[in-house]
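The values are calculated or read from the model by the stated rules, or taken from the named source; none is laboratory data. This is a predicted model, so every value here is computed, not measured. Glycine also receives a Cβ, built like all others from the backbone with ideal geometry; neighbour counts cover every protein chain displayed.
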Amino acid sequence: MHQPLLLTVEDIRRQFDAGTFSRGEDYARRDKVLDIGLDGDTMTGAVTGSGGKVYLQVIEISSGRRGIRIDGSCTCPVMENCKHVVAVLLASLGQAEAASESAPGAAVPPEAPGLPFA
Ligand SMILES: [Zn+2]
């Protein structure tokens, strides 16, 4: 799938707490995302929440020196960066299924190469 924003699952995961991420992942997997729109760097979405209520999301995505920044607002009681925002982001990547339980290995790069001449 085309990814105009070069957003990755890891970018999303990094900016939400684990509980919010996994609930959003569940929403995306269960096809709760009704609509996704993209206008420049602003993504809009509509997600069916608990009780069948539809919540609307407006998600600003920007890239800075420290990577992708996600700033999502929602019409649900949480109001910002909630599971609905996660669901829309994941659905936009088309990776809701791929982001299943295959836990990524701890990708911790070595801090320093050490001192070869010590
Ligand atoms: Zn929400």
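Of the strands (runs of 3 or more DSSP E) lying entirely inside the stretch 36-84, those containing at least 3 residues that are within 18 Å of residue 13 (Cα to Cα) span 54-64, 67-74.
Among the residues of the stretch 1-37, the ones that are surrounded by 13 or more Cβ atoms within 10 Å (Cβ to Cβ), among the aliphatic types (A, V, I, L, M) and at pLDDT 90 or above come to 6 in all.
For the stretch 31-40, the criterion of being within 8 Å of the ligand (Cβ to nearest atom) and farther than 17 Å from residue 6 by Cα is met by no residue. Of the residues making up the stretch 11-23, those that are of a type outside the set (Ser, Thr, Tyr) and more than 8 Å from the chain's Cα centre (by Cα) number 5.
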